[in-house]
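J.: Dropping a structure here in structure tokens format, bear with me for questions.
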Amino acid sequence: MDRTAILRWLHSALAKPANRAKRRIIRFQQHSDYKRFLHEWSGLNTSPASQNAIRHLPAIAAFSLLLSDEELAPRLHESIWIEDDPLVTVHGTVHKPAARERGIPWGVGQIRAPQAWSTTTGHRIKVGVIDTGVDFSHPDLKQSLARGINLLNRGSLPHDDNGHGTHIAGTIAAANQLHGMIGVAPRSTIYPVKAFDQNGSAFVSDIILGIDWCVRNRMDIINMSFGMKTRSKSLLSAVTNAYNAGIIIIASSGNDGKRKSIDYPARYSQTISVAATNRLRRVALFSNRGTYVDIFAPGDKILSAWLRGKYNEMSGTSMATSHVSGAVALLLAHRPGLSPAEIKSILRRSMTPLRGTKTPRQTGELDVMRMLQAADR
């Protein structure tokens with residue numbers, strides 16, 4: 001590999017104005033080439049602005065930077081791959097303020113989580129929630145949060161400036177039964193990984209950094225309540241790294257009402273893909289569905305925690321995904337050491353048939369008690 005040519009090309013690209021530039025991910029085909037490149041790049045006398053313009057992604061031997069179409073380097077493609085670093089959005093739909101939530105939300109009850117709490121509460125299970133952060137002051141979450149990381153501002157706690165991440169965390173692990181709400185796995189621990197901004201958007205490269213953080217900090221579960229339409233080889237590499245590390249990755253199918261297609265990363269086989277149901281155990285109208293979906297869970301008009309200690313009602317496959325993350329936390333606390341493949345198999349064997357579907361055996365809704373029974377057989 002001609003690293004000198006790559007270094008020259010990078011210098012040229014970074015020296016030009018960023019107008020009409022798009023964020024791209026540059027991946028090395030050989031990890032050893034990436035390591036040598038990093039060493040040489042760090043030794044160059046480049047300006048701090050040039051150094052900061054590159055976002056390093058060591059887990060997949062890559063980096064991300066702004067690059068115009070004119071600056072793409074076809075002559076270098078034999079040793080590197082170049083793909084877009086697109087924006088990804090969270091999977092929540094319209095939300096509205098709700099009255100103070102007390103006790104057990106309907107979705108937590110529908111999946112029969114409370115009946116399992118005499119056996120398992122998710123104690124010591126670490127759930128990485130790659131999202132918009134979390135409201136650290138929320139009374140229902142205070143007992144359930146670890147520090148996590150803010151990938152957008154490394155010096156700060158991952159405070160939520162959107163609300164979506166707090167809502168997800170509440171469904172998974174809220175623990176304030178006397179005065180507030182309780183989540184599916186109230187003694188599990190949420191590690192908020194803030195990759196998404198106040199608009200609920202993140203670059204794929206931010207998500208990759210979040211996945212890598214979860215792998216290095218030994219999360220048991222990663223909740224991914226977001227998605228995009230296009231396939232990303234870089235994101236797949238990061239997901240595969242986490243899967244191979246034994247982490248269970250749970251991802252939302254998307255909110256476009258599609259019958260035969262779901263979003264990425266839920267579409268990757270290494271994830272547990274989740275679609276949404278309503279109170280009637282029917283597929284929610286907004287939910288993507290089809291053969292790529294592994295399981296359904298409540299996702300319509302879900303009440304959970306919100307910013308400034310409040311509560312909101314949200315709908316989306318995001319909300320369904322958080323129910324499944326909580327359920328898997330209950331399962332892992334009960335049966336430590338289960339692999340991602342074993343957990344997916346247990347979930348698929350223990351589903352409750354949906355109403356109003358012609359293929360009840362192929363797919364179904366999460367049932368925590370049946371899940372635990374299937375794991376014990």
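The values are calculated or read from the model by the stated rules, or taken from the named source; none is laboratory data. If you're wondering where the values come from, they're calculated on a predicted model, not measured in any experiment. In this analysis, Cβ positions are derived from the backbone assuming ideal geometry, glycine residues included, and neighbour counts consider all displayed protein chains.
J.: Residues of segment 157-179 being in contact with a strand residue (DSSP E or B) (Cβ under 8 Å, 6 or more places away or on another chain), part of a loop (DSSP other than H, G, I, E, B) and surrounded by fewer than 24 Cβ atoms within 10 Å (Cβ to Cβ), which ones?
T.: Leu157, Asn162, Asn176, Gln177
J.: Is it fair to say Leu280 is out of contact with any strand residue (DSSP E or B) (no Cβ under 8 Å at 6 or more places or on another chain), hydrophobic (A, V, I, L, M, F, W, C) and over 14 Å from Gly107 (Cα atoms)?
T.: no
J.: While we're on this one: Here is a check on your reading of the model: is Glu342 among the acidic types (Asp, Glu) and under 20 Å from Asp160 (Cβ atoms)?
T.: no
J.: Still on this structure, please answer the following. Tally the residues that are within 23 Å of Pro265 (Cβ to Cβ), in contact with a strand residue (DSSP E or B) (Cβ under 6 Å, 6 or more places away or on another chain) and not aliphatic (A, V, I, L, M), restricting the search to segment 121-154.
T.: Residues that pass the stated criteria total 5.
J.: Right, another one. Which of the residues belonging to segment 9-39 are surrounded by fewer than 16 Cβ atoms within 10 Å (Cβ to Cβ) and at pLDDT below 70?
T.: Matches in segment 9-39: His11, Ser12, Ala15, Lys16, Pro17, Ala18, Asn19, Arg20.
J.: Of these, Ser339, Ser322, Ser315, which one is closer than 25 Å to Arg267 by Cβ, touching a residue at least 40 places away in the same chain (Cβ under 8 Å), surrounded by fewer than 22 Cβ atoms within 10 Å (Cβ to Cβ) and under 19 Å from the mean Cα position of the chain (by Cα)?
T.: Within the list Ser339, Ser322, Ser315, the selection yields Ser339.
J.: Need the failing condition index for Gln51 against (1) out of contact with any strand residue (DSSP E or B) (no Cβ under 6 Å at 6 or more places or on another chain); (2) modelled with pLDDT of 95 or more, just the number.
T.: Every listed condition holds for Gln51 apart from (2).
J.: Also: Give the number of residues within segment 89-115 that are at pLDDT 95 or above and either outside any loop (DSSP other than H, G, I, E, B) or among the polar types (S, T, N, Q) (or both).
T.: Total meeting the criteria: 7.
J.: Kindly indicate whether any position in segment 182-199 is within 20 Å of Met314 (Cα to Cα) and either in contact with a Lys or Arg (Cβ under 6 Å, 6 or more places away or on another chain) or surrounded by fewer than 15 Cβ atoms within 10 Å (Cβ to Cβ) (or both).
T.: yes
J.: What pairs come up if the first residue lies in segment 145-160 and is assigned by TED's automatic domain parsing to the domain that holds Ile130 and under 15 Å from Phe196 (Cβ atoms), the second is among the acidic types (Asp, Glu) and at pLDDT 95 or above, and their beta carbons are under 6 Å apart, counting only those six or more places apart or on different chains?
T.: Leu151/Asp206; Asp160/Asp135
J.: Another question about this same structure. Looking only at segment 295-316, decide whether some residue is touching a Ser or Thr at 6+ places or on another chain (Cβ under 9 Å), aromatic (Phe, Trp, Tyr) and under 21 Å from Thr166 (Cα atoms).
T.: Yes, some residue in segment 295-316 is touching a Ser or Thr at 6+ places or on another chain (Cβ under 9 Å), aromatic (Phe, Trp, Tyr) and under 21 Å from Thr166 (Cα atoms).
J.: Of all residues in segment 136-163, count the ones that are of a type outside the set (Ser, Thr, Tyr) and out of contact with any helix residue (DSSP H, G or I) (no Cβ under 7 Å at 6 or more places or on another chain).
T.: Number of matching residues: 17.
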